[in-house]
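Asks: Just dropping this structure here.
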Amino acid sequence: MWDKTPRWLRLTLMWVFGLALLAVIFLFLAVAFAARSLPSYEELKAAQTAQTIVVRAADGSEIFELGPSYGEWLDQDQIPEEMKQAMVAVEDRRFYSHFGVDIWRTGGALIEGLTGSRARVGGTSTITQQLARNVFLNSNRTLDRKVREAVLAMAIEMKFDKEQILELYLNKVYFGGGAYGVDSASRKFFSHPATELSTAEAAIIAGLVKAPSRYSPTADVDAAVGRAQVVLRLMREQGLITAEQASVDPTAVKLKQEPGQNSVRYFTDWALPQLDILLPNTLEPIEVWTTIDTGMQRAASAAVKANAPKGTQGALVSLDRDGAIRALVGGTDYVTSNFNRATVAQRQPGSAWKLFVYLAALESGYRVDDKVVDAPVTIDGWSPKNYNGRYAGEMTVRQAFAYSINTVAAQLGNEVGFGTVASMARRFGITSPVSTYPSMVLGSSEVRLLDMTRAFASVADGGMAVEPYGIVKVTTASGEVLYQHEKPRDVRLVPDYVATQMTDLLQAAVQTGTGKAAQIGRPVAGKTGTTSSNKDGYFVGFSSGLTTGVWMGRDDNKAVSGLSGGAAPAKAFAAFMRFAVKDRPIEPFDTDTDLPDWQSEPNEEFNYGDPEDYYFIDEQGNLIEPGRGAGEPGPSSEAVTEQPRSQPGEGADGERQAVDDDFLRRAIGSGNSGGQATRPQPPQQQPPPTPLPRPSPAQPAGRGEAPNLPPSQRQQNQ
C-alpha cells in the first residue's frame with residue numbers, strides 16, 4: 001500500500017513525521033533542561049516573593065495587613081483531604097493522569113478557537129501549569145508565555161511527584177485579599193488554620209482561584225456561596241464526595257468579621273512610608289506596632305461623618321500628651337477618596353491662628369488681664385473689620401481672645417511684629433510657608449491640621465515641644481525588635497508662665513467665648529477658626545491630656561453656608577472627646593501664673609542689672625562706666641553722681657559722652673526716671689480710617705467668630 005502512495009504524498013508525510021520527531025526531541029530536551037534548572041523542592045517551599053507587613057493597634061490587635069500573607073506551610077499529610085479534592089475537582093479533574101498539560105482541554109481550546117464554539121467550560125491551564133505561572137512566570141496572555149508555561153509544567157512533572165506538586169500549589173496559589181496558600185486564606189476568611197477546614201469551607205476556598213476578587217466572601221458573600229455550590233456539585237459528579245456530603249450549606253459557614261472601618265487607612269498611609277527611614281532594607285515579614293486606639297479611631301470617624309455639613313469633607317487628629325497619635329481621620333470615606341486632609345491638605349486656619357499672635361504677645365510681656373481696645377485700626381493700608389462693623393472698646397486680653405476680636409489681634413501683631421508671630425508659629429511646628437503680611441494674624445497662611453494640633457498640644461504640655469509619632473516599635477514575626485521609638489529630648493518652646501496664660505485664654509474661649517459648643521462637662525481649652533466666606537471651619541483644643549484638631553470644608557475651596565469653627569467642627573470635637581476621655585481622670589487646668597521677676601519686679605534696676613556691673617562703649621570701642629565720660633577710667637565701686645551738663649551730648653568737663661545723661665539715669669535707676677516697672681501698653685485707639693481697598697486675593701484675611709459679649713459690648717467678628 002505504501003508503494004502505491006503517490007511520491008509527493010510520501011515525501012510530505014516523511015517531512016511531517018521528521019519534523020514532528022524533531023519537535024518531540026526538541027521538546028524533550030527543553031523539558032529535560034528546564035527540569036535540571038528548576039530549584040529544589042526545599043528551595044521552592046522557602047521562596048517568597050514580597051514582604052508581609054502586619055499593622056497592630058496600641059492594644060496589639062491586628063488592624064491592617066499589607067502585602068502577601070503566606071500563613072503556615074502545610075505538608076501534604078496536613079492538608080485536609082476535602083481541600084485537595086475540592087481543588088482538583090474545580091481546577092484540574094485529570095490532574096492525576098496527565099503529564100503537566102491536559103491534551104483534552106488544550107485540544108478543546110484549539111477547536112473552540114477555530115470554530116468559535118462556546119461549549120468549553122473552564123480554563124485550559126492545569127494545576128501544574130498554574131503553579132509554573134505563579135512561581136516562575138507572569139500572567140501575560142501571549143503565545144510565548146503559554147509555550148514556556150507548558151514546558152515548565154512538564155519539567156515540574158518530571159522532577160516532582162503529584163503529591164508534591166499539589167502541596168506546592170495549595171501553599172502558593174493566590175486566594176484574594178493578600179492571602180497566598182490555603183492556611184492564609186483559611187485564617188483570613190474563617191479565623192482558623194487550614195488544618196480545621198470543613199467540606200463547605202474547602203469548597204469556598206477552592207472556588208476563589210478562578211476570580212479571587214469576584215468570589216471573595218469578604219467582598220460578596222452571595223457570589224462566594226454560589227461558586228462553592230458549583231464546586232460541591234463537581235466533587236459529587238466526579239465521585240470525590242457523597243451526595244450527603246455535597247448537601248452541606250455554605251451559607252452556614254461563619255466568616256471572619258472585618259474591622260468595619262476604612263478610616264484607619266488614612267493613618268497607615270501616613271505611618272508606613274516612615275519604615276523606609278526607620279528600618280534597614282529587609283524582605284522578611286514584619287509587625288508594626290502603632291499608637292492608634294481602635295475605639296478612638298471609630299469614634300473619630302463617626303464624629304466627622306455625623307457633623308460634616310452636606311457636601312463637605314472633614315479631618316480629625318488626636319494626640320496624646322507625649323505626641324502619640326490616637327486617632328487620625330483624613331476624610332469622610334477612604335474608599336471614596338484616599339486624599340489625606342489631616343496630614344497633606346493645607347487650608348487656612350482662620351482665628352485658630354491667633355494662638356501664635358497671643359503667644360508672642362504674652363512672651364513680650366502682656367498679661368491676660370491687661371487692658372486692650374477694640375477700635376478701628378489701619379496697618380499698612382489694611383483695615384481689619386469685626387463681623388458687624390461695631391467695636392466694643394476697652395476690654396481685657398482674655399475677653400479679646402475669647403470673643404476672637406480681630407482688631408485687637410491686628411494691633412497685637414503689629415506691636416510685637418508680624419515676623420515675630422511667624423517665628424512663633426515656626427517654633428511650634430508649622431512647616432508650611434507663613435506670610436508676614438498684616439492679614440496673617442487672622443489666619444491667612446495655609447497650614448496642615450496635624451501641625452496645628454501639634455502646636456496646641458505643646459501649649460497643653462506647658463510649653464514643651466510635642467513631636468507626633470505613630471509607630472511604637474517594629475518586630476519580626478518571631479518577635480525580634482528592629483525598631484523602638486525613643487522619647488525625644490525635652491525642648492522648651494516658651495516659658496511655662498506663657499503657656500499657663502495661654503491655657504487661661506484658651507479655656508475662656510470655650511467657657512464663655514466662641515467655642516462653647518466644644519464643652520464636654522470637664523475642663524476644655526481650645527480655639528475656633530473660620531475663614532472668609534465660610535470656606536474652612538477649625539476647632540483645636542485639649543482636655544485630660546488629649547489634644548484634638550478638627551477641620552471641615554470643601555475640597556474645591558468653595559464657600560459652605562453656615563460653616564464656622566464654633567459650629568460643626570466644635571461639635572465633632574465634643575462628640576469625639578466625650579468618648580476619648582471618658583476613662584481618663586478629670587484634670588483641671590493650672591492657670592495660676594507665676595510671673596518672672598522681670599514682669600513683677602517694681603524696680604527698673606532689675607531690668608538692667610546692678611548699675612556697678614553696667615558698662616558702655618564709646619565711639620572708639622573703649623569701655624566706659626555709667627556717669628563718666630569717655631577716657632575717664634575711675635573705679636567701678638565709685639559712687640555715680642549726677643552732674644549738670646553744659647549742653648546735650650557733653651559732660652560737665654566738656655568731653656563728649658558715649659550716651660546722654662537721660663539714658664544713663666534710666667539705665668541705672670537714679671534720678672527722677674526711676675520708679676515702677678512698666679508693662680506693655682495696649683495699642684492706642686485710632687480714629688476711624690478712611691475707607692481703603694480690601695486686601696488683595698493673594699493675602700485673603702480670615703475672620704473670627706461672632707462673640708457672645710454682654711449686651712453692652714455685643715458685636716461680631718469679620
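Asks: Can you give me the accessible area per residue for the range 290-403, using a 1.4 Å probe, in Å²?
Replies: With the other protein chains kept in place, the range 290-403 gives 32 Å² per residue.
Asks: Once amide H atoms are placed 1.01 Å from N in the peptide plane, what residues at a sequence separation of 5 or more from ALA525, or on another chain, have their amide H within under 5 Å of its amide H?
Replies: For ALA525, whose amide H was placed from the backbone, the distant partners under 5 Å are PHE542.
Asks: By per-residue mean of other Cβ atoms within 10 Å, what is the highest-first order of 439-451, 232-244?
Replies: Order by mean packing, descending: 439-451, 232-244.
Asks: Let me ask another. Taking all protein chains as present, what is the carbon and sulfur share of the accessible area of the range 391-444, in % to the nearest whole number, probe 1.4 Å?
Replies: 47
Asks: At a probe radius of 1.4 Å, what is the per-residue accessible area of LYS558, in Å² to the nearest 10?
Replies: Its heavy atoms expose roughly 120 Å² to the probe.
Asks: Looking at this model, which pairs from LYS371/LYS516; LYS84/LYS210; LYS305/LYS558; LYS162/LYS188; LYS188/LYS210 are more than 22 angstrom apart at the alpha-carbon?
Replies: From the list (LYS371/LYS516; LYS84/LYS210; LYS305/LYS558; LYS162/LYS188; LYS188/LYS210), the Cα-Cα distance tops 22 Å for LYS371/LYS516; LYS162/LYS188.
Asks: If amide hydrogens are placed 1.01 Å from N in the peptide plane, which non-local residues have theirs closer than 5 Å to the one on TYR483?
Replies: VAL474
Asks: Per residue, how much accessible surface does the range 414-477 expose to a 1.4 Å probe? Answer in Å², no decimals.
Replies: Here the residues of the range 414-477 average 31 Å² of exposed surface.
Asks: Excluding residues on the same chain fewer than 8 positions from LYS487, give the lysines whose Cα lies under 30 Å from its Cα.
Replies: Result set, ordered by chain and number: LYS354, LYS473, LYS527, LYS582.
The values are calculated or read from the model by the stated rules, or taken from the named source; none is laboratory data. Predicted model only: the values in this text are computed from it and were never measured. Counting neighbours? That spans all protein chains shown, and the Cβs are built from the backbone with ideal geometry, glycine included. Just the protein is used for accessible areas: all its heavy atoms, side chains included, with ligands, DNA and RNA removed. Shrake-Rupley method; radii C 1.70, N 1.55, O 1.52, S 1.80 Å.
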